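A short write-up of the structure that comes next.
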Amino acid sequence: MQDLSLHILDLIQNSIAAGASLIKLTIYEDKEKNWLTIDIEDNGKGMDKIAMRRAADPFYTTRSTRKVGLGLPLFVAMAQRCGGDVVLKSTKGKGTSIKSGFQLNHIDRPPFGKLEDTITTLILCNPDIDFVYIHKVNDDEFKLDTRDIRQIIGDIPIEHPEIINWIQSYMKDGLNEINGGVQ
Amino acid sequence: MKTLKELEEIRQRTLESVNLRKDRTGARVVVGMATCGIAAGARPILMAFLEEIKNRSLKDITVTQTGCIGVCRLEPMVEVYLPGKDKVTYVKMTPEKVKRVVAEHLVNNQVVQEFTIGAAEKND
């Protein structure tokens, strides 16, 4: 994966496949501690202990089209390469959370990439799922919650080109404002 | 800085033109969005479709995603479904190819044969 935004897009596909109706992404750039955390939480069907233990194994997948599952293993390898790690928690029937933390200025840390494109893609392709995206840089915070948007737009589908377009620029502006996801 | 208030304006503006029917009858563009697709550049492809649809103000086209289509070496892959027509699978997509698929296939109803999986398999 070229950048963190693509890792995130890939990881959230697991939440979608798990039938989640609410997916929360929290990114926290702590510049003083030089630490970056990326957490994803979903209310999907969760995993039992056996599936969870195997989730980071590249030769484990639940899909039938091929025999490897590289999404999570690639992300774990990236985090460990950057002096951090990933913690997976899951409760069958309740949901799954991925918590990761690693050095913000580590030489091997991939760039953030276009976070706004990742979230836009997710909302456009999964209009029935609610997404919460929180991005913090030190004490500044940007937040997007599709439930707030739905409340305002009412009958207009969230995947309407005008709405999607607005969401994309709203995020771009919001991230700019807090200087989030720079390089 | 954009504010949520603008959404209210968009709502007012689009309310009349919006097709509120749940049974969409228009074209469907499906982008493969598994690890293989994402790593190969599926997201820029999807964004390119979005951009073209916006620029041409095309109505009633659904852009969505699917998992692994099964031929990872040909990613990014896109499936186009037109009502009453067979599915067309485009392979090794680029944002440039997207422009032609939108213009020729979605607008003018002509499949871009040279980008299809059939053409790619013949060349192999």
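The values are calculated or read from the model by the stated rules, or taken from the named source; none is laboratory data. For clarity, every value in this text was computed on a predicted model and none was experimentally measured. Cβ: placed from backbone, ideal geometry, glycine included. Neighbour counts: every protein chain shown.
Quick rundown of the values:
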{"read-out": "Filtered residue count, the range B:64-92, keeping only those that are farther than 15 Å from B:Ala48 by Cα and of a type outside the set (A, V, I, L, M, F, W, C)", "value": "12"}
{"read-out": "Residue within the range B:72-80 that is out of contact with any Lys or Arg (no Cβ under 8 Å at 6 or more places or on another chain), within 22 Å of A:Ile119 (Cα to Cα) and β-branched (Val, Ile, Thr) present", "value": "yes"}
{"read-out": "Positions within the range B:71-96 being surrounded by 19 or more Cβ atoms within 10 Å (Cβ to Cβ) and closer than 16 Å to B:Arg56 by Cβ, in sequence order", "value": "B:Val80"}
{"read-out": "Helices (runs of 4 or more DSSP H) completely within the range B:1-114 that count 3 or more residues being within 11 Å of chain A (Cβ to nearest Cβ), out of contact with any Cys (no Cβ under 7 Å at 6 or more places or on another chain) and of a type in the set (A, V, I, L, M)", "value": "B:35-40, B:42-55"}
{"read-out": "Flag for A:Ile12 being in contact with a Ser or Thr (Cβ under 9 Å, 6 or more places away or on another chain), surrounded by 16 or more Cβ atoms within 10 Å (Cβ to Cβ), within 14 Å of another protein chain (Cβ to nearest Cβ) and closer than 20 Å to A:Thr120 by Cβ", "value": "yes"}
{"read-out": "Some residue of the range A:117-134 being over 30 Å from B:Thr62 (Cβ atoms) and of a type in the set (Ser, Thr, Tyr)", "value": "no"}
{"read-out": "Every pair of residues 6+ apart whose Cβ atoms lie under 8 Å, when the first sits in the range B:30-59 and is free of Cβ contacts under 8 Å to residues at least 24 places away in the same chain and within 23 Å of A:Trp166 (Cα to Cα) while the second is assigned to a helix (DSSP H, G or I) and of a type in the set (A, V, I, L, M, F, W, C)", "value": "B:Arg43/A:Leu6; B:Arg43/A:Leu9; B:Leu46/A:Leu124; B:Leu46/A:Cys125; B:Leu50/A:Leu124; B:Leu50/A:Ile164"}
{"read-out": "In the range A:45-60, residue nearest to the other protein chains (Cβ to nearest Cβ) [restricted to those that are modelled with pLDDT of 75 or more and surrounded by 13 or more Cβ atoms within 10 Å (Cβ to Cβ)]", "value": "A:Pro58"}
{"read-out": "Cross-chain or 6+ apart pairs with Cβ under 6 Å, the range A:165-183 first and in contact (Cβ under 8 Å) with a residue 40 or more places away in the chain, then in a helix (DSSP H, G or I) and among the charged types (D, E, K, R)", "value": "A:Gln168/A:Glu116; A:Met171/A:Glu116; A:Lys172/A:Glu116"}
{"read-out": "Some residue of the range A:142-158 being within 22 Å of A:Gln13 (Cα to Cα), more than 12 Å from every other protein chain (Cβ to nearest Cβ) and either in contact with a helix residue (DSSP H, G or I) (Cβ under 9 Å, 6 or more places away or on another chain) or buried (at least 16 other Cβ atoms within 10 Å of the Cβ) (or both)", "value": "no"}
{"read-out": "Odd one out for A:Gln2, checked against (1) within 10 Å of the chain's Cα centre (by Cα); (2) farther than 15 Å from A:Asn126 by Cα; (3) within 14 Å of chain B (Cβ to nearest Cβ)", "value": "(1)"}
{"read-out": "Residue match in the range B:63-79 (condition: more than 29 Å from A:Ile129 (Cβ to Cβ) and either in contact (Cβ under 8 Å) with a residue 24 or more places away in the chain or not hydroxyl-bearing (Ser, Thr, Tyr) (or both))", "value": "yes"}
{"read-out": "When residues of the range A:123-141 are limited to those that are among the aliphatic types (A, V, I, L, M) and more than 9 Å from every other protein chain (Cβ to nearest Cβ), the one farthest from the chain's Cα centre (by Cα)", "value": "A:Val137"}
